[in-house]
Amino acid sequence: MKAYNVAIVGATGLVGQEFIKALEQRSFPMASVHLYASDRSAGKKLYVGHKEVAVKETSPESFHNIDIALFSAGAEISRYFSPIAAESGALVVDNSSAFRMEPKVPLVVPEVNPEDIKWHEGIIANPNCSTIQMVVALYPLHKVNPIKRIVVSTYQAVAGAGSAAMEELTTQAKLVLEGKNVVPHVYPHQIAFNLLPEIDVFLDDGYTKEEWKMVEETRKIMHAGDMAVSATCVRVPVFIGHSEAINVEFTAPITPEEARHILVHAPGVKVLDDPSVSLYPQPWLAVGSDNVFVGRIRTDISQPNSLVMWVVSDNLRKGAALNAVQIAEEAVQRGWVKTQK
Ligand SMILES: NC(=O)c1ccc[n+]([C@@H]2O[C@H](COP(=O)([O-])OP(=O)(O)OC[C@H]3O[C@@H](n4cnc5c(N)ncnc54)[C@H](OP(=O)(O)O)[C@@H]3O)[C@@H](O)[C@H]2O)c1
């Protein structure tokens with residue numbers, strides 16, 4: 001079996017750390033691994049398996065002889081370095097929002113549209129964390145009974161905003177419990193013991209950019225340009241694990257039992273749905289798991305042909321690093337990665 005030279009840009013971050021774990025846990029065929037971050041982290045050592053690897057500052061030379069480059073250092077870094085990496089011959093899988101809506105860049109969730117990987121021109125985009133878990137849960141139903149409309153409300157963990165946001169929640173929670181004043185840095189308001197219906201910037205139509213991403217990315221991944229989607233994205237004081245309440249209208253009638261039957265057999269999905277014993281997905285239980293958990297599946301009593309469900313996943317795993325590694329795996333298995341001479 002071929003082995004690949006892999007680079008991780010943003011290796012010291014929350015997603016970067018999950019990249020390392022996912023590559024190891026899934027025995028990704030690596031000939032070598034190269035860790036990159038900012039100059040602040042240069043020289044820092046991280047374990048990859050039992051081996052210590054020194055982190056280097058990212059530079060245009062970082063991609064020489066690299067076959068696969070996994071990016072998780074923010075959109076600005078991706079916009080600058082991803083084309084350089086692709087030009088050097090690497091397959092780039094980018095976690096940021098930089099290229100997701102570019103017509104020539106596939107936006108991929110392997111359980112939904114793996115075939116789109118084939119038309120990449122060097123860069124493949126990993127969708128937004130909230131979008132990934134929603135389409136993994138809804139696509140198997142859509143294949144059987146096409147979806148007409150989705151209304152989703154998210155409950156997104158602070159890990160979605162990086163390591164600084166995790167620290168902010170810890171610090172604020174302590175301060176609030178000690179009766180002290182809180183000064184927000186990462187978020188516009190206190191996040192501890194609070195909810196913020198603002199993720200990313202506000203747009204002219206009153207939606208946020210995060211909500212817009214859920215609409216447009218869902219349509220692109222599911223090849224459903226006309227699908228009606230409306231999202232409300234809310235930051236909640238949970239460390240890791242995004243949750244979503246989803247109302248979905250189908251073309252034809254569908255019962256909760258039919259939906260459960262389809263989802264039990266769907267790739268990447270685990271159904272946890274027994275109200276009699278309070279069994280339903282929770283972010284705390286999803287941490288570290290590769291699954292998208294679905295529960296509380298019920299008929300939407302307000303509208304025909306509609307269901308309501310509760311969907312939870314680890315945003316750092318399936319919502320970010322795992323999905324990107326699965327894209328790389330698919331590309332490798334289908335022979336769509338060039339190896340450098
Ligand atoms: N967190 C999630 O759930 C999630 C989900 C999907 C996508 N994403 C995307 O993944 C990216 C990273 O998220 P994260 O949560 O891992 O953030 P994070 O914990 O804040 O980590 C950011 C990483 O970027 C690196 N970095 C910052 N400035 C850099 C520079 N000038 N050159 C090279 N590297 C630089 C940092 O290195 P230093 O340690 O040296 O500063 C660190 O490794 C973002 O684009 C985010 O939108 C995140």
Search segment 283-311 for residues that are of a type in the set (Lys, Arg) and pair each with any residue that is assigned to a loop (DSSP other than H, G, I, E, B) when their beta-carbon atoms are under 7 Å apart and the residues are at least 6 apart or on different chains. Arg296/Asp273; Arg296/Tyr280
Are any residues in segment 1-54 within 11 Å of the ligand (Cβ to nearest atom) and either assigned to a loop (DSSP other than H, G, I, E, B) or in contact with a His (Cβ under 8 Å, 6 or more places away or on another chain) (or both), and if so, which ones? Ile8, Gly10, Ala11, Thr12, Gly13, Ser38, Ala42, Gly43, Lys44
Could you check segment 59-92 and list, in sequence order, the residues that are of a type in the set (Ser, Thr, Tyr), within 16 Å of the ligand (Cβ to nearest atom) and either touching a His at 6+ places or on another chain (Cβ under 8 Å) or over 26 Å from Asn128 (Cβ atoms) (or both)? Ser59, Ser62
Condition check: in contact with a Cys (Cβ under 9 Å, 6 or more places away or on another chain) and within 11 Å of the ligand (Cβ to nearest atom). Does Ser97 satisfy that? no
Evaluate segment 2-14: report whether one residue or more is free of Cβ contacts under 8 Å to residues at least 40 places away in the same chain and more than 19 Å from Glu330 (Cβ to Cβ). no
Residues of segment 244-264 being assigned to a helix (DSSP H, G or I) and either among the charged types (D, E, K, R) or in contact (Cβ under 8 Å) with a residue 24 or more places away in the chain (or both), which ones? Pro256, Glu257, Glu258, Ala259, Arg260, Ile262, Leu263
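Values quoted throughout were computed directly from the atomic coordinates according to the rules given, and no laboratory measurement underlies them. Computed from a prediction, not measured in an experiment: that's the story for all the values here. We place every Cβ from the backbone using ideal geometry, glycine too, and count neighbours over all the protein chains shown.
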